[in-house]
Structures are given as C-alpha cells and as structure tokens.
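**Q** Here it is: the structure, laid out below.
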Number of protein chains: 2
Amino acid sequence: VPISKTPLKSADSPESPEKRDERKLRTRAHLIQGALTLIGQGRGFTSLSLREITREAGVVPAAFYRHFRDLDELGLALVEEGGMTLRRLLREVRRDRIAPKAMLETSVELYLRYVKSQRLVFAFIAGERGGGAPVIRNAIRLEELHFASEMAYDLSAMRTLPDLSIGTLKMLCGLMVATMLNAASEILDLPENQPRREAELIQNFVRQLRLIFLGATLWRE
Amino acid sequence: VPISKTPLKSADSPESPEKRDERKLRTRAHLIQGALTLIGQGRGFTSLSLREITREAGVVPAAFYRHFRDLDELGLALVEEGGMTLRRLLREVRRDRIAPKAMLETSVELYLRYVKSQRLVFAFIAGERGGGAPVIRNAIRLEELHFASEMAYDLSAMRTLPDLSIGTLKMLCGLMVATMLNAASEILDLPENQPRREAELIQNFVRQLRLIFLGATLWRE
C-alpha cells in the first residue's frame, strides 16, 4: 500500500484499501460539492480558483490533484453530474407513467420540484451552457443532445406524435430541453417568497411548451 | 475647468472641454471593447479583473474609476450595448420589409450575418444570460423582454398572426428570442471552416423556429 501518495495525511493508523477508496470518493464528492456551492452563490465556473474550491471542500489545496488534473477536469465532472441528474429525471417521468392528457402539467410540476431539489447542479448547467469555458460548454451541449435524444426515443415509444420521424422528434426535444433549462435558470433566480412572480414564470413556461407541442402536431415531414 | 479630476494626465497642454469629452468617451469605449475581447476569448465576465480589462484597453488601472464605479457597472454597460445591438437588428428587419412568405429564412439569414459581425456582443449576452453575476443576468433578461416585446408589437402591426393577443405574442417572441440566442451561442462556437456542421446547425434552428410558428397558428386563446 503506497501510503506515500498522501503526504499530508498522518500515516500512524494503517488504513484498509476499501476505507481508502471510500475516503477518496468522499473527498472527490466534497470537491464537486464545494465548486457547486460557490457557483450557487452566483459565481461563474471560470472565476473559481483551486484554492477557493479546496477551502470550501475542507481539504488542503494539494489534495485537489489526487482527484483532478486541473480545473477543467473538475468542470467536466460537474457536467457529468449534471448529465446524470437529467437522466434520473427521465427515469422518474417514465416510472410515473403519466396519463397523456395531463402529460405537460404533470411533467412540468415534476421538473420544477426536481430543479429546486437539485438547484446547484441546475445553476451550474444553466450557467455554463452559454458562457465560460468552451470545453465545459461543449460538454454540456453533448449532455443536452443525449438527453434530448433519449426523450425523443421515449416520445417515439409512447407514440405521442406517431407521424414524426426520429430526426424531427430530436429537433423538437432539443427545443424543449433548451426551453426547460431557460426556465430553470429564471426560476432559480427568483427571490424567496415571490409566489405570484413564480406562478407567472411557470405559466409562461407551460404555455411555451404547449405552443411547441401544438406546432409538432401540425408538422409535416 | 477642473483639471484636477484627471490626476494621471500631465496638465501642461490645456485641452478644450470638447476634446476632453471626446477622449473620455473613447477611453470608455476602449474599456468596453477590452472586456468584450477577453470574453470573446472564452472568459466568463465574472472571472475578469479590473487590471486585465485596463491592460487590454491600453489604459492605466486608475482610469477605470473615471468611467465605472465597479466591475458590475461595466457589466451593465455591456448589457446596454447588447440591448442596443438587438434593437438595431429589429430596425434592420423592419427597414428591409421582407415578404411574409420568405420571412423566416430571410430573417434567419440576416440574424446570422448580424451575430457574426457583432460576435463579441453576442458571446457576452449568450454567455452571461444563464450564468455568472445575478445582477448582470437580470439586466440581460430585462433587455430580452424589451426585445421580445418590441418584436411582439411588430408582429401585431404586421397582422402576421391576427388572432393572437399581445400577451400571447410576447410569450411567443420570448421563446423565439431564447431560441435565437441559443443558436447564436452554438454557431459562434463552431470551429472555422466547418460549413457542413454550420449548415446543420442553421437548418435545425430554422426548423425550430418554423415549429414555434406552426404552433402559433394553431393557438387558441
């Protein structure tokens, strides 16, 4: 066991490989969470320094490099986290087997609850998909494409819009995903206790999705 | 003439007030351009320091405070610049008096040419509308709302969708503006000399706008 790899830890109590792996994963999660916390405070990812992130995570700066080569690699881990969060949402929608008639309202409700419970991850995705580091932005776009593509195959399997090709369904879902992330960013920015403003934003969001869906029913290949 | 306000300038050649105002405006424009240049290099606005911006603008750091109280105030000036750029686009579309049938393709062409000629301003808007500093983000959203609202009144005047209320037209235009800015960010990120990839992105963008428009023709209040 090469204990020498962790020079900043006192080596007097020998640790089992399992425990070390566990601790390593925990530190990695703390670094990810630390970066997300700073982003949740309104900071862009490109403005974060390694030192701030390790301080927020409660580890020494040198520990960073045992988990990530550089800040970009941490950024890509955040994007992965975001992608997993989005895919979990699709699984929840599938599991709930919503009646087609209430599809839109119920999905929006589920989505907004989800955005609020995962607000830091959504703040990161919504924040970096347009700006900041190109490498992060491109990775987020790829995750969005995967998500839209999965959604398109779900719609295809449900035969919700049976006349549309899978290519058109992907274009449609891409538009819906962009609209969803746009709404997430607006809703997360609302000050607390603004129920009327929130209701307006949600109503606007539902109307935009309905408009997109209406267009899809008229679409001819 | 209170020359003492500009302590870093040698006061041996007296300057006329007009010349001084002109120079002041020029420095301000250099600071704005300097920040945009750095953002165009893939930097988030919140990651910029005052020193970098003044270096890029070719002025001493202290000169910054003769134009902006702090970095946020410079950010808001950039937002204003973005808002003016968007409104200029609407004026161009109006002046061209495009035939309704070719409306979509021609507007998209005009828009994309415009995005490319003003790429730094669009990189800033697309980059900061989702992330970074909340004060900047909210200002961008307000500019988007103004733009969407102007577009809605234009559509209303042209009687393109005569059955829709102004409220619905605003919701529709809000969705179109978000889709436009999304497309701008994707197109600006394309590497040079990727005509096929660019054509695909543009086709996807046109199809999304067409879908939105189709939905609008079916919409019942």
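The values are calculated or read from the model by the stated rules, or taken from the named source; none is laboratory data. Note that the structure is predicted; figures quoted are calculated from it, not measured. Virtual Cβ from ideal backbone geometry, glycine too; neighbours counted across all protein chains shown. When the accessible area is computed, the model is the full protein with side chains, heavy atoms only, and any ligands, DNA or RNA have been set aside. Shrake-Rupley method; radii C 1.70, N 1.55, O 1.52, S 1.80 Å.
**Q** Roughly how large is the A-B contact in terms of buried accessible area, totalled over both chains, probe 1.4 Å, nearest 100 Å²?
**A** Values: alone 13250 and 13270 Å², together 23380 Å².
About 3100 Å² of accessible surface is lost on pairing.
**Q** Keeping all protein chains in place and using 1.4 angstrom, which order do A:176, B:158 fall into by accessible surface area, from largest down? Walk me through the numbers on the way to the answer.
**A** Numbers: A:176 15, B:158 100 Å².
Correct descending sequence by accessible area is B:158, A:176.
**Q** To continue, here is another question. Take A:196, B:137, A:220 and sort them by solvent-accessible surface of the protein heavy atoms, 1.4 Å probe, largest at the top.
**A** On the way: A:196 190, B:137 20, A:220 160 Å².
Result of the area sort, largest leading: A:196, A:220, B:137.
**Q** Could I ask something else about it? Provide an ascending nm list, one decimal, of label-point separations from residue A:194 to the equivalent residue in each further copy; define each label point as 7 Å from Cα along Cα→Cβ.
**A** Values, ascending and in nm: 3.6.
**Q** Calculate, for chain B, the solvent-accessible area per residue in square angstrom, rolling a 1.4 angstrom probe over the heavy atoms of the protein chains. Mind showing how you got there, number by number?
**A** Details: 11690 Å² over 221 residues.
I get 53 Å² per residue for this part.
**Q** Nearest 10 degrees is fine. How inclined is helix A:119-128 to the longest principal axis of chain A, computing both from alpha carbons?
**A** It is inclined by approximately 80 degrees.
**Q** With unit charges on the beta carbon (Lys/Arg positive, Asp/Glu negative), name the residue among B:219, B:181, B:203 whose Cα is farthest towards the positive pole of the charge dipole of the range B:172-221.
**A** It is B:219, whose Cα lies furthest towards the positive end.
**Q** Next up: Carbon and sulfur atoms: what percent of the 1.4 Å accessible area of chain A do they account for?
**A** Whole-percent figure for carbon plus sulfur exposure: 53.
**Q** Now a separate question. Where the centroid of each part is defined by its Cα atoms, how far is the range B:190-216 from the range B:125-166 in Å?
**A** 20 Å
**Q** OK, next. How far apart are the residue A:159 label points across copies, placing each 7 Å from Cα toward Cβ, in nm, shortest first?
**A** For residue A:159, the other copies' label points sit at 4.4 nm, shortest first.
**Q** Another question, if that's okay. In Å, what Kirkwood hydrodynamic radius results for chain A from the alpha-carbon pair distances? Walk me through the numbers before you get to the answer.
**A** On the way: mean 1/r = 0.0512 Å⁻¹.
It is 19.5 Å.
**Q** Once the label point is placed 7 Å from Cα along Cβ, list for residue B:41 the distances to the corresponding points in the other copies, in nm, shortest first.
**A** Label-point distances to the other copies, shortest first: 2.7 nm.
**Q** Take the Cβ-Cβ distance between residue A:90 and residue A:51 as r, set R0 to 35 Å, and report the resulting FRET efficiency rounded to the nearest 0.05.
**A** On the way: r = 37 Å, r/R0 = 1.06.
Efficiency, rounded to the nearest 0.05: 0.40.
**Q** Oh, and also: Report the percentage of all Cα-Cα pairs in the range A:130-210 whose separation exceeds 16 Å, rounded to a whole percent. Mind dumping the intermediate values first?
**A** On the way: 1969 of 3240 pairs.
Counting pairs separated by more than 16 Å, the tail of P(r) holds 61 percent.
**Q** Can you give me the solvent accessible area of residue B:192 with a 1.4 Å probe, rounded to the nearest 10 Å²?
**A** Spelled out: residue B:192, probe radius 1.4 Å, area about 150 Å².
**Q** Hey, can you list the residues from the range B:102-131 whose accessible area shrinks by 10 Å² or more with all protein chains present, relative to the chain by itself (probe 1.4 Å, no ligands or nucleic acids)?
**A** B:126, B:127, B:129, B:130, B:131
**Q** Could you give P(r) for the protein assembly as shown, binned at 10 Å from zero, as whole percent values over all Cα-Cα pairs?
**A** Histogramming the protein assembly as shown at 10 Å steps yields 4, 19, 27, 24, 15, 8, 3, 1, 0 percent.
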